[in-house]
Amino acid sequence: MGRLYDTSEIADRLGVTRQRAHVITRQKGFPEPYDELVMGSVWRVEDVEAWIREHRPEIAEDPES
């Protein structure tokens with residue numbers, strides 16, 4: 001399964017508020033949640049990081065670091 005991000009972690013990763021992250025995760029083109037839990041949706045880190053590399057390359061992490 002690998003690591004998972006929740007909306008708070010996505011917000012931290014993108015440098016936005018949780019409210020803005022919620023909007024972003026609902027947009028067309030954002031990866032579908034891996035699962036829906038009682039506490040909310042969760043996404044595979046790999047899927048979110050791939051989206052970041054494509055849509056927010058300025059904050060993509062260097063795989064060498």
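See the values below:
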| quantity | calculated |
| --- | --- |
| Calculated [θ] (222 nm, deg cm²/dmol) that DSSP helices of n ≥ 4 give over the chain, each run adding -39,500 (n - 2.57) | -11500 deg cm²/dmol |
| Probe 1.4 Å, accessible area per residue of the chain, Å² | 71 |
| Förster radius 22 Å - calculated FRET efficiency between ARG20 and ALA60, Cβ distance, rounded to 0.05 | 0.75 |
| 10 Å binning of all Cα-Cα separations within the chain, expressed as whole percents from 0 upward | 22, 60, 17, 1 |
| The chain - percent of accessible surface contributed by carbon and sulfur, probe 1.4 Å | 48 |
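The values are calculated or read from the model by the stated rules, or taken from the named source; none is laboratory data. Predicted, not measured: the structure shown is a model, and the values here were computed from it. Neighbour counts run over all protein chains shown; Cβ positions are idealised from the backbone, glycine included. Side chains included, ligands, DNA and RNA excluded: accessible areas come from the protein's heavy atoms. Shrake-Rupley method; radii C 1.70, N 1.55, O 1.52, S 1.80 Å.
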